[in-house]
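The next block holds one structure in the form of structure tokens; read it before the comments.
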Amino acid sequence: MNASEFSRIWHGAPMVKFALSTASAQGLSTDSRESIGQFGLPKTAEPWLNFMEFVLMEENTAAQMEKLNFYPIGYLANGDIICIDKSSDRIMICDHEDMTYVWVLNSSLNTLYESIKIFEEFTEQVNTRNPNFSSDFKIPDGMLADLESRLRACDSAAYNEKGFWFTEIQALDDSAW
């Protein structure tokens, strides 16, 4: 799913467009620049994804991002930084404490958009089928397997690397009672 399609069907949090005015934005591919500059990313999306343009960053963090050739586009609830790898256009996550642990979120912005939409649809369906989900955290039978299948089909390369979406499925599976 490309940025234009996603922005047309997204009904969640407002979209954040990136001005791409910082020096760290240099080196982004034309596709990445167009996607996040013209269409943007949702300000927030489940599970715990937050997107924003980092105009100012702590000097050591900015230097580490530049060394990794990453452009920061957001963060997780725990503070880990979501980035675009400028050399491959892959969407990566950097540990916020020392920036040495890096793992994959998605293979591209297009698969990120699709994964966000898949997860949004999953949460809507869970809440419809189990109105008590917010208190009992019970995912109806078959729904987690369907989510895993859809995320794997969307971005098998990232999923097979046991990246973000793989670990989210594991966390949901472990919390299923």
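The values are calculated or read from the model by the stated rules, or taken from the named source; none is laboratory data. Keep in mind that this is a model prediction, so the values were computed, not measured. Cβ sites come from the backbone with ideal geometry, for glycine too, and all protein chains shown count toward neighbours.
Could you give me the residue pairs with C-beta distances under 7 Å whose first residue belongs to segment 42-62 and is not assigned by TED's automatic domain parsing to the domain that holds residue 81, whose second residue is crowded, with 16+ Cβ neighbours inside 10 Å and at pLDDT 95 or above wherever it lies, and which are 6+ apart or on separate chains?
From segment 42-62, no pairs qualify.
Which helices (runs of 4 or more DSSP H) does segment 128-177 wholly contain that include 1 or more residues that are among the basic types (Lys, Arg) and surrounded by 13 or more Cβ atoms within 10 Å (Cβ to Cβ)? Outline the logic, then answer.
Working: elements: 133-136, 143-154, 156-160, 164-175.
Answer list for segment 128-177: 143-154.
For segment 1-28, which positions are within 18 Å of the chain's Cα centre (by Cα), in a loop (DSSP other than H, G, I, E, B) and of a type in the set (S, T, N, Q)?
2
Would segment 156-175 turn up any residue that is in contact with a strand residue (DSSP E or B) (Cβ under 9 Å, 6 or more places away or on another chain), outside the structural domain of residue 89 (by TED's automatic domain parsing), of a type in the set (S, T, N, Q) and under 14 Å from residue 47 (Cα atoms)?
Checked against the condition, which is being in contact with a strand residue (DSSP E or B) (Cβ under 9 Å, 6 or more places away or on another chain), outside the structural domain of residue 89 (by TED's automatic domain parsing), of a type in the set (S, T, N, Q) and under 14 Å from residue 47 (Cα atoms), segment 156-175 yields at least one hit.
For segment 85-115, give me each residue that is in a loop (DSSP other than H, G, I, E, B), within 24 Å of residue 12 (Cβ to Cβ) and hydroxyl-bearing (Ser, Thr, Tyr).
Passing the criteria: 107, 108.
Of (1) surrounded by 17 or more Cβ atoms within 10 Å (Cβ to Cβ); (2) touching a helix residue (DSSP H, G or I) at 6+ places or on another chain (Cβ under 7 Å); (3) not in a helix (DSSP H, G or I); (4) not acidic (Asp, Glu), residue 82 satisfies all except one. Which?
Answer for residue 82: the failing condition is (2).
Consider residue 74 carefully, then state whether it is within 27 Å of residue 169 (Cα to Cα) and not in a helix (DSSP H, G or I). Please lay out each step first, then the result.
Details: within 27 Å of residue 169 (Cα to Cα): yes; not in a helix (DSSP H, G or I): yes.
Criteria met by residue 74.
Within segment 88-124, can you find the residues that are among the polar types (S, T, N, Q), out of contact with any strand residue (DSSP E or B) (no Cβ under 9 Å at 6 or more places or on another chain) and either modelled with pLDDT of 95 or more or outside the structural domain of residue 145 (by TED's automatic domain parsing) (or both)? Working first, answer last.
In the first step, residues of segment 88-124 are kept if they are among the polar types (S, T, N, Q); the result is 88, 100, 106-108, 110-111, 115, 123.
Subset that is out of contact with any strand residue (DSSP E or B) (no Cβ under 9 Å at 6 or more places or on another chain): 88, 110, 123.
Answer for segment 88-124, where residues must be among the polar types (S, T, N, Q), out of contact with any strand residue (DSSP E or B) (no Cβ under 9 Å at 6 or more places or on another chain) and either modelled with pLDDT of 95 or more or outside the structural domain of residue 145 (by TED's automatic domain parsing) (or both): 88, 110.
So is residue 129 without any contact (Cβ under 8 Å) to a residue 12 or more places away in the chain and among the basic types (Lys, Arg) or not? Working first, answer last.
Details: without any contact (Cβ under 8 Å) to a residue 12 or more places away in the chain: no; among the basic types (Lys, Arg): yes.
No: the conditions fail for residue 129.
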